[in-house]
Structures are given as C-alpha cells and as structure tokens.
Amino acid sequence: MDRFIYADNAATTRLHPDVLNDMMPYLTEQYGNASSLYGFGQESRIALDQAKATMAECLHCRSDEVFITSGGSEADNWAIKMVAKALAAKGKKHIISTEFEHHAVLHTLNSLKKDGFEITLLPVYENGIVRIEDVKNALREDTALVSVMFANNEIGTIQPIAEIGALCRENGVLFHTDAVQAVGHVPVDFAGMNIDLLSLSAHKFHGPKGVGALIVRKGVRFGNLIDGGAQEKGRRAGTENVAGIVGMASAMKRACNAMESSIPSIAAKRDRLITELTKITHSRLNGDAVTRLPGNVNISFEGIEGESLLLMLDMRGICASSGSACTSGSLDPSHVLLSIGLPHAVAHGSLRLSLSEETTDEDIDVILQEVPVVVDRLRAMSPLWETILKEEQSH
Ligand SMILES: Cc1ncc(COP(=O)(O)O)c(C=O)c1O
C-alpha cells in the first residue's frame, strides 16, 4: 500500500531506523557466537552484556535480573508456570490475577488449573482498573503469586502497580506484572514499584519482533525454561539472538529518553480523538479517561459491527483494531470489553486506535474525517441501529 495511516501500535510498531542501524553489524559481519572464547565471539558477548545494562538502567533493575525471551507471551508463560512450580512444592497453590489479562496470562492460568492450582480473577469495574482492596481481600495463606498487567492492551488503562507491589511485598507474596504495553510508553520502575517479575516485548516500542525479556528480582526462586547450554544462566538455553537483543535495548533506550516529550505529545493527539469521536451520537469511551496509556483510544459505537468498521477504514487507508475476537475465529466480543460491563452488542461495535510518536496531526485529521462517515454509512445499513432508534422513539 502506498500511503496508509497506521493506528494500531498496540498490535505492533514500526522498527525504528536508528534501531535497525544498531542491529545491522550483528546481522552481518559481527556474527560471532557469544559463547565462543575467542575475541570475535566475545565482541558479541560484550554487546549482549551492554544491552542488558542499558535495559536495566531504563527499567530500574539490575542487569543480572534481565532474562531474554522470544517476546511477551514467553515471558508471561515462564514467569507464571515456573514460579508456580517452585511454590507448589511449598504447598502454595493459589494465584490471583484479573479478568482482563492478555491471553498469554489467562490461558497459562487455565493450564495451571489442571495441575490443581486455584485461580482468583479479580474484577476491573467500569473504569477498567483493579481495586487494591480486592487484591488485599483475595490474599490467602497459600497464595503463591499475584499477576496484574501494568496496562491493558485493549483499553489502555493503567493499574495501581506500585500499590499492589507494596501490598504483595508486605505479605510475602510474589508479584508479576505483564508490562508488555507499558515499557517504552510510561515510566516503569521495577525496584521502586516492588515488582518481582516483569514481562516485556521489544516490538511494542519500535524494536524488533520475536525478542523480549522477563525481569526476575534477584533471590526469587524460579525454574528453568529450556534446558541445554549455559545461556541466560542456564535457565533458557540456546544461542542468543544478538541482533534482536541489541535492537531491543536500543529501542528501549530511545523510548525511555524520549518519554518526557513523547507522552504529552501523543496524549494530546489521543485526547483530540477522544473528544471529537465521542461527539458521535451513541458512542462511549471504554476505560478510564485519565489513567490510560498516552496512545490508547477505545470507543464503542452502538448499532454497528467492529469488523465492518475496520474493513471500511482499511479501504480508506486506516489501520486500526476492533474489540471483537474476529482474529481468533470466534464471534465473541473481547473478554476485556465484557469485563468492564459492556453489553455484547455494544462491545461488538468498538474501535481501538493506538498511536505512537510517529502519528502526526494530519493522521488525526484524516481519522476524524473518516470515522464519522464510516459510522454513519454502517448505521444506515444496520437493522440493529434501526431497532435502537425505534426503541428510543417509543420511550
Ligand atoms: C499485554 C500483552 N501481553 C502479552 C502480549 C504478547 O506479546 P508477544 O506478542 O511479544 O508474545 C501482548 C501482545 O499483544 C500484550 O499486549
């Protein structure tokens, strides 16, 4: 496609050209294996160590707390399954999480149920934010882990991570956060927020796909993911993806350094979209208006289907996402939108626009021009919309 507006940065982001530049040597002439003892291999080892140090600085953790993974899903699986296994041996078989976690967490928890774990999923209410009292009330003697995402991938709401971290630390319970949507977008302070385990993924902040990390506080006991060589302290064997890891660190550094100016600039564009799009009749913003990611807009339009909205926007050169699980081949609306109490019909007509530092004011102008036209067209063809109007007239 020649020119399109990319408003789906929560799905993935463009690899930044400076990040690619930093990766290039390790994709070409600097191909040494970091485990080799000769100097050529050791240059890769030095690059890996430097990458971990850079990431540690951004995240406020130690570099020996950074464990490389293939992305967010692997980090979530590793954190939850391996900690669960280690603590089950001590009779701790209860895990607390929330209803609106990413499937990488929810499906992992489901698989643990089969091994006798009890899972408590906390509600997130209409604003899409978990309540600290609920976490407190759910804690039990046998609670092994609390896993609450830093920011939700669909509605962008940011959770009270520092408060949950403090509560868990006070009670001697491990705390994992899926920070895949937060790292590189909002400040993340691993040590200061009392986080024990944190998942992240490079492709969400203009880094390469297929690489991420699990940060594990020193002293936390957790099992190996892949047995084999000595990589990642013997916990995740396999020759390192040096270029990917260098790219992840480079992208994280760029994002962290730019945050002070990028947050207000992206949030201003987000707020313009929210203000204007919620002027459309029978629309609503999903998730808290204030405590949300700078780039996340999620709006439901009654009387239309999210999939049709996406297809029509696609024909107009706009890439966005909907709240229906059409990608998973099911017609169910997203569990996230249902968790904040949206009726099925409303959840079906939702649109997620996720912005980045690359989104321009002109992009916002085009989106604001096209979305109302498309919503009108779809409503004109929608029997559901007709019913909504008739019902209103009869009241
Ligand atoms: C909150 C959250 N967790 C986990 C993941 C999975 O990350 P990855 O695609 O790197 O496996 C995603 C990706 O969309 C996400 O948004």
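The values are calculated or read from the model by the stated rules, or taken from the named source; none is laboratory data. Just so it is clear, the model here is predicted, and its values are computed rather than measured. Heads up, the Cβs are rebuilt from the backbone with ideal geometry, glycines too, and the neighbour counts pull from every protein chain shown. Note: areas computed on protein heavy atoms with side chains; ligands, DNA, RNA excluded. Shrake-Rupley method; radii C 1.70, N 1.55, O 1.52, S 1.80 Å.
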- Within the stretch 210-227, restricting to residues that are within 11 Å of the ligand (Cβ to nearest atom) and assigned to a strand (DSSP E or B), the one that is farthest from Arg62 (Cα to Cα) is Gly212
- Residues of the stretch 52-81 being away from the ligand (no atom under 12 Å from the Cβ) and open to solvent by 30 Å² or more (accessible area, probe 1.4 Å), in sequence order, are Lys52, Ala53, Glu57, His60, Arg62, Ser63, Asp64, Lys81
- Item | Count - residues of the stretch 316-340 that are part of a loop (DSSP other than H, G, I, E, B), more than 21 Å from the chain's Cα centre (by Cα) and at pLDDT 90 or above | 2
- Query: Which residues, counting only those in the stretch 95-107, are outside any helix (DSSP H, G or I) and hydrophobic (A, V, I, L, M, F, W, C)?
  - Reply: Ile95, Ile96, Phe100
- Is there a residue being touching a Lys or Arg at 6+ places or on another chain (Cβ under 8 Å), surrounded by fewer than 23 Cβ atoms within 10 Å (Cβ to Cβ) and under 23 Å from Val183 (Cα atoms) anywhere in the stretch 326-349? no
- Which members of the stretch 108-151 meet the condition of being of a type outside the set (Ser, Thr, Tyr), within 16 Å of the ligand (Cβ to nearest atom) and not in a strand (DSSP E or B)? Leu109, Asn110, Val124, Gly128, Ile129, Val130, Val148, Met149, Phe150
- Meets criteria (open to solvent by less than 10 Å² (accessible area, probe 1.4 Å) and within 18 Å of Ser44 (Cβ to Cβ)) for Val242: no
- Please work out if Gly207 is surrounded by 24 or more Cβ atoms within 10 Å (Cβ to Cβ) and part of a loop (DSSP other than H, G, I, E, B). yes
- Limited to the stretch 356-395, what total is found for residues that are of a type in the set (D, E, K, R), in a helix (DSSP H, G or I) and in contact with a helix residue (DSSP H, G or I) (Cβ under 6 Å, 6 or more places away or on another chain)? 1
